[in-house]
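The values are calculated or read from the model by the stated rules, or taken from the named source; none is laboratory data. As the structure is a computational prediction, the values presented were derived from the model and not from experiment. Positions of Cβ are backbone-derived with ideal geometry, glycine not excepted, and every protein chain shown enters the neighbour counts. Note: areas computed on protein heavy atoms with side chains; ligands, DNA, RNA excluded. Shrake-Rupley method; radii C 1.70, N 1.55, O 1.52, S 1.80 Å.
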Amino acid sequence: MDPERPNNRKRIAVLASGRGSNFQAVIDAIASGEIPAVCVGLVTDNPGAYAIERAKAAGIPATVVEYARFPTKAAYEEALLEAMRGCRADLFVLAGYMRILGAGIVHEFSGRMMNIHPALLPAFAGLHAQRQAIEYGVKVAGCTVHLVDEGTDTGPIVVQRCVPVLPDDDESTLAERILAEEHQALPLAVKLFCEDRLEVAGRRVRIR
Ligand code: GRF
């Protein structure tokens, strides 16, 4: 047996920049046995991220690679890459990681990095997705978990969940409704990966 993967469980690491409620949903799904994985680390660019408290509470090592401490984006990314390599993770989960990853990192972890985005991609990629949805006037919104490629929120889609947009919604009420679905979608996508049930063919992800 691989001593780093007791009972064949996958090693997952999480990148998060802030509140970390999606990170918490993954922690909880691992604790309940829903996801056959061990969470081996949190990596964050933000020393003030509440996600760090969540990692501490769950006994998960947290590594801070503070963006502001590096002279260039390239230097930051090099340090981030080192921290990621150090996790020896099978899967990296971007759970509210608010920076665009450089091509070097995307290539190195290609096919084993997923991101949660609060919109039904390919609509409303990028920042403020919920605000974009309100302003556009869509009647249905939601969230997407996708594999990470070089684009912004463009990788193959693993799981989507939708919610209605109600007449009186504003950005924050819609965000709250979407967030509840994110907390279902992300653990499910991580579980499917950890059970080796994702089959990627070009843009399409088949679930075995
Ligand atoms: C979520 O809406 C996620 O989709 C987006 O950033 C937010 C992070 O929330 N990428 P949290 O830190 O997981 O609570």
### Message
For segment 131-138, check the following and say yes or no: at least one residue is among the basic types (Lys, Arg) and either open to solvent by less than 60 Å² (accessible area, probe 1.4 Å) or farther than 18 Å from Gln24 by Cα (or both).
### Response
yes
### Task
Report, ordered by the first and then the second residue, all pairs with beta carbons closer than 7 Å, sequence separation of six or more or different chains, a first member in segment 37-52 that is over 17 Å from Val190 (Cα atoms), and a second member that is away from the ligand (no atom under 15 Å from the Cβ) and of a type in the set (Phe, Trp, Tyr).
Asp45/Tyr67
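Select from segment 88-145 the residues that are on the phi > 0 side of the Ramachandran plot and touching a Leu at 6+ places or on another chain (Cβ under 9 Å) and list them in ascending order. Reasoning before the result, please.
Filtering segment 88-145 down to residues on the phi > 0 side of the Ramachandran plot leaves 88, 96, 111, 124, 126, 128, 137, 142.
Listed by number, the residues that qualify are Gly96, Gly111, Gly142.
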### Task
Could you figure out which of (1) free of Cβ contacts under 8 Å to residues at least 24 places away in the same chain; (2) open to solvent by 50 Å² or more (accessible area, probe 1.4 Å) isn't true of Ala123?
(2)
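Residues in segment 150-180 that are within 21 Å of Tyr136 (Cα to Cα) and either away from the ligand (no atom under 13 Å from the Cβ) or under 14 Å from the mean Cα position of the chain (by Cα) (or both): how many?
Number of matching residues: 14.
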### Query
Quick one: Glu34 ticks every box in (1) within 22 Å of Leu127 (Cα to Cα); (2) in contact (Cβ under 8 Å) with a residue 60 or more places away in the chain; (3) of a type in the set (Asp, Glu) bar one, so which box is it?
(1)
### Message
Restricting to segment 123-138, count the residues that are outside any loop (DSSP other than H, G, I, E, B) and in contact with a helix residue (DSSP H, G or I) (Cβ under 8 Å, 6 or more places away or on another chain).
### Response
4
### Message
Are there strands (runs of 3 or more DSSP E) fully within segment 1-117 with at least 3 residues that are surrounded by 15 or more Cβ atoms within 10 Å (Cβ to Cβ) and either within 16 Å of the ligand (Cβ to nearest atom) or charged (D, E, K, R) (or both)? List them.
### Response
10-15, 37-44, 91-94, 113-117
